[in-house]
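Note sheet for the following structure.
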Amino acid sequence: MSQSLPEAPRVRLHAASDALRDATLARADAAVLLLPVAEARSAIAKLPQAALWQRLYQADRRAVPAPVLVARLPNRRGTLVVVGFVPDSASAFQRLQLAGRLMREALMPYGETASDQIRIREGVKANLDARQVMLQGLHREVFEK
């Protein structure tokens, strides 16, 4: 039997290249940001709460070359922000893997119990596995025939 995540009301996705503002983030429960790894330092400096992101980036970069940064902002909602870095040379599959990782980070705090978190993790993994199969089939059809 397949289990799916409960419906989430008012989920809005926005892609923007404009400057992000504190006021914009303060209206959201969570935000996922994808920044170019080649411009990581300058992109972080333009983010709201730049000092926070610079501290996290410096600390995490020592451990891994392309960290995923996660923090709650000091606003009324306590907006959860997840920041990932993508290389220009990343393949579509690598970008999809990173997007999955960022979304897992964004969803994990919303599981109230360990079983909720496991269910969220399994749902996200099943979705990514299905996309991987689709991309492999598409690649086969386009490039191997």
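The values are calculated or read from the model by the stated rules, or taken from the named source; none is laboratory data. None of the values given here were measured: they were computed from a predicted structure. Cβ: placed from backbone, ideal geometry, glycine included. Neighbour counts: every protein chain shown.
So that you can scan it fast, the table gives a plain yes or no per residue for (1) of a type in the set (Ser, Thr, Tyr); (2) within 27 Å of Gln49 (Cα to Cα); (3) out of contact with any Pro (no Cβ under 8 Å at 6 or more places or on another chain):
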position	(1), (2), (3)
Leu69	no, yes, yes
Ala99	no, yes, yes
Ser115	yes, no, yes
Ile120	no, no, yes
Val124	no, no, yes
Glu141	no, no, yes
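In the range 106-120 there is at least one residue that is surrounded by 13 or more Cβ atoms within 10 Å (Cβ to Cβ), hydroxyl-bearing (Ser, Thr, Tyr) and either over 13 Å from the mean Cα position of the chain (by Cα) or within 21 Å of Leu33 (Cβ to Cβ) (or both).
The residues of the range 62-98 that are surrounded by 14 or more Cβ atoms within 10 Å (Cβ to Cβ), at pLDDT 90 or above and touching a Gly at 6+ places or on another chain (Cβ under 9 Å), listed by number, are Val68, Leu69, Leu98. Which one is nearest to Arg77 (Cα to Cα), of the residues in the range 91-130 that are of a type in the set (Ser, Thr, Tyr) and in a helix (DSSP H, G or I)? The residue in question is Tyr110. Taken as a whole, the condition of being within 27 Å of Leu52 (Cα to Cα) and over 13 Å from the mean Cα position of the chain (by Cα) applies to Asn75.
For the range 1-44, the tally of residues that are at pLDDT below 85 and closer than 22 Å to Ala90 by Cβ stands at 5. Among the residues making up the range 34-50, none is on the phi > 0 side of the Ramachandran plot and part of a helix (DSSP H, G or I).
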